[in-house]
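S.K.: Provided herewith is a single structure, encoded as structure tokens, for subsequent inquiry.
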Amino acid sequence: MKHILIRYHFTNGSKEDWHSDIARFIESLESDPELRGKITYRAMKTASDDYYHLATVTGQETTDLLGRREFFERYTKRLNEIAGGEVEVIPLEIVGETS
């Protein structure tokens with residue numbers, strides 16, 4: 001499993017439109033027959049408009065497949081616009097967890 005944290009501050013555009021874009025991206029993940037069940041994705045925000053997205057991917061093959069999807073390219077471009085080009089993508093490694 002790969003865990004990735006995406007961190008940015010909301011800078012440009014409409015929050016309502018952005019939240020709709022996030023919902024469409026998640027819907028695309030869930031409706032894609034080759035990706036369904038292989039990616040979990042959560043988008044969260046703070047009161048000060050800092051956003052955190054947590055993705056868990058089953059492996060490199062799934063990551064590569066996602067990277068070839070048009071909806072992922074569109075979403076990534078939109079994310080960069082929303083964040084004013086200031087997006088951190090942080091790979092995470094689990095060092096302990098509950099059962």
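Readers should treat all values here as calculations from the given coordinates under stated rules, not as data from a laboratory. Model, not experiment: these values are computed from the prediction. Counting neighbours? That spans all protein chains shown, and the Cβs are built from the backbone with ideal geometry, glycine included.
S.K.: Tell me the relative contact order for the chain as a rounded percent, counting alpha carbon contacts under 8 Å between residues six or more apart.
M.R.: Relative contact order for the chain comes out at 47 percent.
S.K.: Next up: Taking 1 over the mean of 1/r across every pair of different Cα atoms in the chain, what Kirkwood radius in Å do you get?
M.R.: 14.2
S.K.: If each residue of separation counts as 0.36 nm, what is the full-extension length gain between Thr58 and Met1 once their alpha-carbon separation is subtracted?
M.R.: Between Thr58 and Met1, full extension yields 20.1 nm more.
S.K.: In terms of Cα to Cα distance under 15 Å, which aspartates and glutamates are near enough to Lys38, apart from those fewer than 8 places away along the same chain?
M.R.: The qualifying aspartates and glutamates are Glu27, Glu30, Glu61, Asp64.
S.K.: Calculate the FRET efficiency for Glu16 and Ser99 from the Cβ-Cβ distance with a Förster distance of 41 Å, rounded to the nearest 0.05.
M.R.: E(calc), rounded to 0.05, equals 0.60.
S.K.: Run lengths n ≥ 4 of DSSP H only: what is the helix-derived mean residue ellipticity at 222 nm for the chain, with -39500 (n - 2.57) per run over all residues, to the nearest 500?
M.R.: -12000 deg cm²/dmol
S.K.: Further question on the same structure: Give a residue-ordered list of calculated ³J(HN,Hα) values for segment 68-83 (Karplus: 6.51 cos²θ - 1.76 cosθ + 1.60, θ = phi - 60°; whole Hz; x for Gly, Pro).
M.R.: Ordered by residue, 3J(HN,Hα) equals 8, 7, 4, 5, 6, 4, 5, 5, 4, 4, 5, 4, 5, 5, 4, 8 Hz.
S.K.: Which aspartates and glutamates, if any, have their Cα less than 17 Å from the Cα of Lys77, not counting same-chain residues under 8 positions apart?
M.R.: Reachable aspartates and glutamates: Asp17, Asp21, Glu86, Glu88.
S.K.: About the Cα centre of the chain, how large is the charge dipole given +1 on each Lys and Arg Cβ and -1 on each Asp and Glu Cβ? Please answer in debye to the nearest 20.
M.R.: Computed charge dipole of the chain: roughly 80 debye.
S.K.: Which FRET efficiency value, to the nearest 0.05, do you get for Ser48 and Lys77 by plugging their Cβ-Cβ distance into 1/(1 + (r/R0)^6) with R0 = 22 Å?
M.R.: 0.35
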